[in-house]
């Protein structure tokens with residue numbers, strides 16, 4: 001990913017250099033906007049292929065795709081295929097009706113403010129997911145500067161002891177935004193000491209299926225917006 005960003009920056013600088021030369025009466029022998037070749041990648045093709053982008057998810061649970069109107073008072077989770085409340089209280093609704101969604105949501109055609117919301121300690125919500133040939137898992141959850149609780153994420157059918165804590169509170173700024181956690185779950189390395197920034201792997205096999213479990217850690221509200229598997 002960092003290499004792709006670096007190449008994009010180089011391409012942009014080459015374009016600006018050509019434009020400045022033309023405007024000053026010089027020129028490089030190419031028309032402005034003509035493609036400049038990028039330098040060859042520093043990494044091997046095999047290494048770059050390890051970081052395949054997720055263009056076609058194999059499983060999508062997205063709050064904004066569950067509804068077709070802008071105000072969701074409450075929807076029953078019972079009728080949602082692949083979603084199961086195993087313990088406690090989880091509900092699906094808009095906690096701020098009429099307020100637009102607070103950030104970018106991948107693979108969504110519109111932006112609302114709905115979500116799966118817990119309201120009891122140890123409440124458990126599970127999603128059935130199927131992975132593709134290069135397993136990745138993306139989870140979107142609300143983070144704010146006040147009033148939110150935490151939640152634990154597990155893949156209990158694979159490694160029961162591996163747990164990711166999803167913190168509802170952030171102290172960097174006074175805003176509420178959806179945080180996107182992108183995990184390379186095919187890795188069998190698990191760096192829990194780094195929190196959300198470590199390698200969070202469960203050794204997921206390509207084209208396999210499993211359960212993703214969310215368990216609230218308090219009575220404070222926790223809001224889940226999407227679960228996407230690739």
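Could you grab the pairs with beta carbons closer than 7 Å, sequence gap of 6+ or different chains, first residue in the range 133-147 and free of Cβ contacts under 8 Å to residues at least 12 places away in the same chain and outside the structural domain of residue 163 (by TED's automatic domain parsing), second one buried (at least 23 other Cβ atoms within 10 Å of the Cβ) and in a strand (DSSP E or B)? Within 7 Å, no pair qualifies.
The residues in the range 190-229 that are buried (at least 21 other Cβ atoms within 10 Å of the Cβ) and either outside any loop (DSSP other than H, G, I, E, B) or not assigned by TED's automatic domain parsing to the domain that holds residue 178 (or both) can be counted, and the count is 14. Restricting the range 192-213 to residues that are within 26 Å of residue 88 (Cα to Cα) and under 15 Å from the mean Cα position of the chain (by Cα) leaves a set whose member that is modelled with the lowest pLDDT is 196. Report whether or not residue 128 is closer than 15 Å to residue 210 by Cβ, at pLDDT 95 or above and over 16 Å from the mean Cα position of the chain (by Cα). So residue 128 fits the description; yes.
The values are calculated or read from the model by the stated rules, or taken from the named source; none is laboratory data. Computed from a predicted structure; not experimentally measured. With ideal geometry, Cβ positions are generated from the backbone for all residues, glycine too; neighbour counts draw on all protein chains shown.
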